[in-house]
Amino acid sequence: MEMQGDRNMKPLAIAILTALIVLSSVQLLRGTTTQPLLGQSYAHLASNPEAPNTPLHGILTYFEMGAQGALTLSISSMMISIILIWALLNRLEIKGRLRLFTLLLWVVSPIFLHASYIADGIAIVIVLQLIGFILLTYKNWFGHIIAAACFLGSSFHSLWHIGITMGVLYYMYTQRKEVSYIWQSFALIIGAVILHLKTFIEWYPKEHITLVSQGSWISDFGGLGGIGIFTAVIGLFGFWYLKKRWFIIGLILLSIGIVERSTLWYFGLLIGYTAAQTIEKLIESQWALPELKQITLLLIACGIVFSPLSYAREMADFGPTEEIFDVMIHIKQRTPHGSIIFTAPHNGRYIQALGRREVIAAEKYDGKDAKLRMNMTRFVLHTYNLPGALEALELWNVTHILITPDMIGTIWEEPEKELHYLLNNKEHFTPLYKEREYELYTVNSGV
Amino acid sequence: MRRHTQVILLFIIILGIRLTLAGATPHLYEDESYYHLRNVEGIREGENIRSNELTGRQHIISPVYDYIIAVFTYIIPFSAAIKLIPNILATSFVIVAYLIAYTLTKDHYTSFLTGALSGFIPIYFVSTFNHLTIYSIVLPLMGLLIYYFIHLEEGIYGYCATLVLLSLIHPSVLIFAAGLLMYMLILFVEKIKLTQKEREVILFTIIFVLWSQFILYKRIFLVHGWNAVWQNLPSALLNSYFQDFSILGAIYLIDAVPFLFGLYAIRQYLFKIKDKNMYFLISIALSIGLILWTKLIPLNTGLILLGMIMVLLFPKNFHKRMDLLSKSRFSKHQIWIKAFLLIFFLATAVGASIHLSYNEIKESTIEEEYYVLERLNEISDPGSMILNDIVDGNKIMAIAERPTMIDSDFLMVRNSDIQYEDMKTALTSPHITQVAEKLEKYNIEYIYLSPKAKERLEINKLPSANEKCLPLVYDGEMQIYEWRCKVIET
C-alpha cells in the first residue's frame, strides 16, 4: 500500500470503518433489545452514597443523559480515540503500514469494545490521556498546560493514570533532555494532591473494601484485560525488534495493569504497536517457504479477529434482558421511595441504576462497611434460621427481597433452599411480584 | 537380512506380543477405553458424540481419533478393530523411533535397539496394549513431528500435515510448541543461529497450535477459567491425578536404560557438546519435565511422554559408547558385547512391560464386570440413573447402556466439587437419611460398586444398605443395590 506523506488519511478511514463494523457486531449479536447498555455499565451508573462520585456521574447527571447518553458518550469517545492515536502516531513519525496496523489492532482489541459499550468512564480517560500525550510532543507551554488539565481530569478515574503519565514525562525527559518535563511531573503531583485533598483526608484513611467483581482474566479474553491472546503473543515477539527498555516498560505497564485493571489499555496500546511491528516485518520478510508465510499471515489475521468476535459474543449476553428490565420497572413503581432491597450482589447494579432503589450489597459497592454488608448478605442467603435472618434484615432496614432465576443454580443448587425456602413463611414475607421465575417479596418484620 | 526387513520384523514381533496379551480377554481395560468405544459406536450409528445421549451432557472433545477407529470398523470386524488398530498405531512408534535414531547416529544397530526399546516403554506398553486410548496415536504422531522437524529440508509438508493432525487430536501438541520455544531459548543461550526454515516453521507452529487449540477448546476456558488446565477436577481428586513425581517411580515405569542414558545425554549436550538435533530433543524433554513438575498434566500422561523422549535421547549417547568400544581393546569382542547388551537391555524393558501387563490381566475383573453390567441392563429400565464411582462411569454407559450420575470427565460440569462430594457421601455414608437425600437429588435408582471403586473408597460394601430401602440385588465381587424408597418432605 502506498503512503503519501504524513497526513495520509487512508489508515484513519480504514480504521474508522473497521471500528464501525466491530461495534455493529455487538448490536447484531444482541439482536433487538431496548437496553442500550451492557451489564456492567449499570454498576457504574448507579451511584453509591458511600463512595465519592466520579465526573462521569456528574456529567451524566448534569446533562440528564441516562443510559442512552452514556452509551453515546462512550462510543463517541472511543471513535475520537482512533483519531487521537492516528495523530499521536503522526507526531511520533510512525508511518506507512505500521501506522495502519497499529490503528487496526487498536480497533479490533477487546478493550476497544469494552470501553465503547461499558460506560464506566474509561473511554473518557483514554481520550483525555491521548490528548495530553499528543500535546506533550509540542514545545508549547499552553499545550502543556492543557495536557496537565487532561491528566488531572483522568486522575478522578484512578490516580494510577497520574503515575503512568509521570513515567511518560520521565521518558520524554530522557529523550529530549528538557528539565521542563521534570517540573511538569512535580506540578502534576501537586495538582493531584490539591484536587484530591478532601479524598485523601476524609476517605482514604478509612478502611474500604470494594465489591467489584473483577471478572476472570482468561474466561472472557477481553474486557479490561482486553488485548486479545493473539495480539499479545505476536506483540511479545515484536519486543524482539525494539530496544530492551521497551520490554521493561511493557513489563511495568503490565504489572500496574494487573493491580489496577483500568490502566491495562496502556499496555494494550504498546502491545498493539509491537504486534504491528511483527506483522510488518513478517510481510516484508522473504520466506524460504512462501506458502507457509501466506498461511501464517492468514492465521494471525484470523486469530486477531477471533478475540474481539469472541468477546463481542460474550458481551451480547451481558444483559440486562427484557425480563430484568420489566422487573426493575415493577420495583420502581411498586415499592416506596427509600425502600432497601435485599438480593444477590450481582443484581444490585440494576436495582440501583434502573429500579432507583438502594441495595445492601452491589457489584460496584465501594464503602467502609462493604465487608459487613457482604457478610450479612452471605449469612441471610444461606441460612435456614428464620429469626436470625429476620434480625439481620431488620438491622439493615431491608424492606423487600428480590429473587432472580440465575440465583437458583449459583447461590442455591436448587430451588426451595435456605433463604428461598424461608420465603415460604407467609407471616413474615408477602409475595409482591412473581413472574417468569422472578420473585419480589415484602419483608413484614416491622421495618 | 536387510535393515528394513529387520525393522518390519521387529514391528511384527512387538505387535504380536501386544495382541497376544490383549487377546487374554475379548473386552477392554480401563474406563477411558469405554468412553472411546461409545464414541465409535455412536459414530457408526450417526449420533452426535459431543452430546451424551444417555445423560444429555456436553463433551468438548476432538472426535478425530474416534473417527479413525470407526473407519476401520467398517473394513474389519468391530471387535477386532478396537484391539488391532490401537495396537498397530502404538507399535508404529517403533518405526518412528528407529528413523529418528538412524538420523542421529547413522548406525543400524543403535537404531534397531532404540526401536526395540521404544516398543517396550513399560508405562506406554501397559497403558495401550488392551486400551482404546488416544495415546496410542499421540505418541507416534509426536515422534513423527520430531522426525520431520529434524528433516525440515525435505519433510516440510509431512511436518505440516502431522502438526495439523496432532493439533486436531490432542492438546499435547502444546507441549511440542512449548518445546520449540525452549529450543529457541537454548540456541540463544548457546549462541547458535536458527536456520531460516526453522524460524519460519517455529513461528507457524506456535501460531497454528495456539489458534487451533483456541478454536477447539475455547468453550472450556470460558466456562471454567484456569480450572480448565486441571480439567475442572474436584479438589479432592487433584492430588491423585496430578501426583508428585518420584525419580524411582519414573525409572521403573520408563525403564532404567533409556532413562539413565537420556539423563546422561542431557547433561553431556547441555553443558559440553554442541549439537542442534540433541538440543531440540533436550528442549522437548525439559518442557515435559517442567510441565510435570508444575503438575499441569496428569502423572501418567507425563511419564508416557517422558518415556518417549528419553528413548529418543538414548541412541546418540549409546552410539558414542559403542564407538569407544570399537576403538578399545575389547573391539575384537564387540559383536558379542553388542549382542549381550541387546539381550540385556531388551530383557529389562520387555520384562517390566510384560510384568506390568500380566499384573493388569491378573487383577482385571472385566469378565465378571461385563456379565454384571449386562445383568444391570436387564433388571433396570432404560433411563434408570446409576450411582457409581468415577472409575466406572463410562463402562456402565457403554455396557449397561444406562446413564450415570458421574464419570471421569468433569469438563462442562458446573459444580464438580459438589457432584463429587455427593457421590462420595452416597457411597460411603452409613446414614440412610443422608444417602437418601443424595439419591433423590440425582434421581438414582441403582447403585453399582466395582472392586476398583471399593478399593478407592475404602469400603467393602455399601455402608447404608438395608433390606427395605436399599437392598443388595446382586452380590459378588461387584455389587448392585436398588433404591426402593422415596423421600417425602413434610
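In whole Hz, what ³J(HN,Hα) sequence does the stretch B:341-346 give by Karplus (6.51, -1.76, 1.60; θ = phi - 60°), x for Gly and Pro?
Result, rounded to whole Hz: 4, 4, 5, 5, 4, 5.
Explain nothing, just the number: relative contact order of the stretch B:352-490, from Cα pairs under 8 Å at least 6 residues apart, as a whole percent. Walk me through the numbers before you get to the answer.
Values: 194 pairs, mean separation 29.7, N = 139.
Reported as a whole number, the value is 21 percent.
Along the positive direction of the dipole of chain B (beta-carbon charges: Lys, Arg +1; Asp, Glu -1; about the Cα centre), which of B:S364, B:I17, B:G46 reaches farthest?
It is B:I17, whose Cα lies furthest towards the positive end.
For chain B, what is the charge dipole size about the Cα centre, in debye to the nearest 20, if Lys and Arg each add +1 at the Cβ and Asp and Glu each add -1 at the Cβ?
Using Cβ point charges on Lys, Arg, Asp and Glu, chain B gives about 2760 debye.
Hey, any idea what Rg/Rh is for the stretch B:363-490, computing Rh the Kirkwood way over Cα pairs?
0.93
If you look at just the Cα atoms of the stretch B:110-221, how large are its Rg and its Dmax in Å?
Both quantities, over Cα of the stretch B:110-221: 15.7, 47 Å.
If each residue of separation counts as 0.36 nm, what is the full-extension length gain between B:L185 and B:Y264 once their alpha-carbon separation is subtracted?
On the way: separation 79, 0.36 × 79 = 28.44 nm, distance 2.08 nm.
So the extension gain works out to 26.4 nm.
Can you give the convex hull volume per residue for the Cα atoms of the stretch B:1-118, as a whole number of Å³?
Convex hull of Cα atoms, per residue: 128 Å³.
At a Förster distance of 41 Å, what's the computed FRET efficiency of B:K441 paired with B:Q6, Cβ-Cβ distance as r, to 0.05?
Taking R0 as 41 Å, the efficiency between B:K441 and B:Q6 is 0.10.
Counting pairwise Cα distances across the stretch B:191-253, what percent come out greater than 14 angstrom?
74 percent
What's the FRET efficiency of B:K320 with A:I80 using the Cβ-Cβ distance as r and R₀ = 56 Å, to the nearest 0.05?
For B:K320 and A:I80, the calculated efficiency is 0.25.
Remind me, relative contact order of the stretch A:324-447 in percent, using alpha carbon pairs under 8 angstrom and six or more residues apart? Can you show the working numbers first?
Details: 177 pairs, mean separation 28.3, N = 124.
Across the stretch A:324-447, relative contact order equals 23 percent.
Suppose every K and R has +1 on its Cβ and every D and E has -1 on its Cβ; what is the size of the dipole of the stretch B:136-237 about the Cα centre, in Debye to the nearest 20?
Computed charge dipole of the stretch B:136-237: roughly 280 debye.
Give me the lysines in straight-line cross-link reach of A:K434: C-alpha distance below 17 Å, same-chain residues under 8 apart excluded.
A:K332, A:K426
Rounded to the nearest 5, what % of the DSSP beta bridges within chain B are antiparallel ones?
Taking every DSSP beta bridge with both residues in chain B, the antiparallel ones total about 65 percent.
Helix-only mean residue ellipticity at 222 nm, chain B, DSSP H runs n ≥ 4 weighted -39,500 (n - 2.57), per residue, nearest 500. What is it?
Values: 20 runs with 322 residues, N = 490.
Value at 222 nm, helices only, nearest 500: -22000 deg cm²/dmol.
Would you mind ranking A:M172, A:M315, B:M278 so that the residue whose beta carbon has the fewest other beta carbons within 10 Å leads the list?
Going from sparsest to densest Cβ surroundings: A:M172, B:M278, A:M315.
Quick one: pull the percentage of alpha-carbon pairs in the stretch B:327-405 with a separation above 20 Å.
The proportion of pairs with Cα distances above 20 Å equals 58 percent.
Which of the GluC sites (Glu not before Pro) found in the stretch B:1-46 are in a DSSP loop and have at most 12 neighbouring Cβ atoms, other than their own, within 10 Å?
The qualifying sites are B:E45.
When the scattering of the stretch A:308-447 is computed by the Debye formula from its Cα atoms alone, each counted once and equally, what is log10 I(q)/I(0) at q = 0.11, 0.12 Å⁻¹?
Log10 of I(q)/I(0), two decimals: -0.39, -0.46.
Please identify every one of the trypsin sites (Lys or Arg not before Pro) in the stretch A:394-447 that sits in a loop by DSSP and has no more than 13 other beta carbons within 10 Å of its own beta carbon.
In loop regions of the stretch A:394-447 (DSSP not H, G, I, E or B), the sparsely surrounded trypsin sites (Lys or Arg not before Pro) are A:K426, A:R436.
So in the protein assembly as shown, which Cys have no other cysteine's beta-carbon sitting under 4.7 angstrom from theirs?
A:C150, A:C302, B:C160
Could you give the length gained on full extension between B:L216 and B:I88, defined as 0.36 nm per residue of separation minus the Cα-Cα distance, in nm? Walk me through the numbers before you get to the answer.
Details: separation 128, 0.36 × 128 = 46.08 nm, distance 2.72 nm.
Answer, rounded to one decimal: 43.4 nm.
Given B:Q58, B:I69, B:S33, which one lies farthest toward the positive end of the charge dipole of the stretch B:1-82, if we put +1 on the Cβ of every Lys and Arg and -1 on the Cβ of every Asp and Glu?
Comparing the listed Cα positions along the dipole, B:I69 ranks first.
Take every Cα pair under 8 Å in chain B that's 6+ residues apart, average their separations, divide by the length, and report that relative contact order as a whole percent.
That works out to 16 percent.
If one puts a single equal scatterer on every Cα of chain B and applies the Debye formula without solvent, what log₁₀ I(q)/I(0) results at q = 0.06 Å⁻¹?
Relative scattering, expressed as log10 I(q)/I(0), comes to -0.31.
Counting DSSP beta bridges in the protein assembly as shown, what percent are antiparallel, to the nearest 5?
70 percent
Give the order of B:F344, A:F429 when sorted by the count of other beta carbons within 10 angstrom, beginning with the fewest.
In order of increasing Cβ crowding within 10 Å: B:F344, A:F429.
Dividing the convex hull volume of the Cα atoms of the protein assembly as shown by its residue count, what figure in Å³ per residue is obtained?
202 Å³
Residues of B:207-218, mean number of Cβ from any other protein chain within 10 Å of their own Cβ, rounded to a whole number?
Mean partner shielding for this stretch: 4.
Taking a threshold of 25 Å on the Cα-Cα distance, which of the pairs B:K191/B:K295; A:K293/B:K193; A:K243/B:K274; B:K272/B:K327; B:K274/B:K338; B:K461/B:K486 fall above it?
Over 25 Å Cα-Cα: B:K191/B:K295; A:K243/B:K274; B:K274/B:K338.
Taking the Cα centre of the protein assembly as shown as the origin, how large is its charge dipole in debye, to the nearest 20, when only Lys and Arg (+1) and Asp and Glu (-1) carry charge on their Cβ atoms?
That gives the protein assembly as shown a dipole magnitude of about 4460 debye.
Sort A:H157, A:H196 so the one with the fewest other Cβ atoms within 10 Å of its own Cβ comes first.
Details: A:H157 22, A:H196 18.
The order, fewest Cβ neighbours first, is A:H196, A:H157.
Between B:Q196, B:L296, B:I396, whose Cα lies farthest towards the positive end of the dipole of chain B when Lys and Arg beta carbons carry +1 and Asp and Glu beta carbons carry -1, centred on the Cα centre?
B:Q196
Which trypsin sites (Lys or Arg not before Pro) in the stretch A:97-148 pass both tests, a DSSP loop state and at most 11 other beta-carbon atoms within 10 Å?
A:K139
Laboratory data are not the source of any read-out in this text; all were calculated from the coordinates shown. Being a predicted model, the structure only gives us computed values, none of them experimental. Cβ atoms come from the backbone with ideal geometry, glycine included; neighbour counts cover every protein chain shown.
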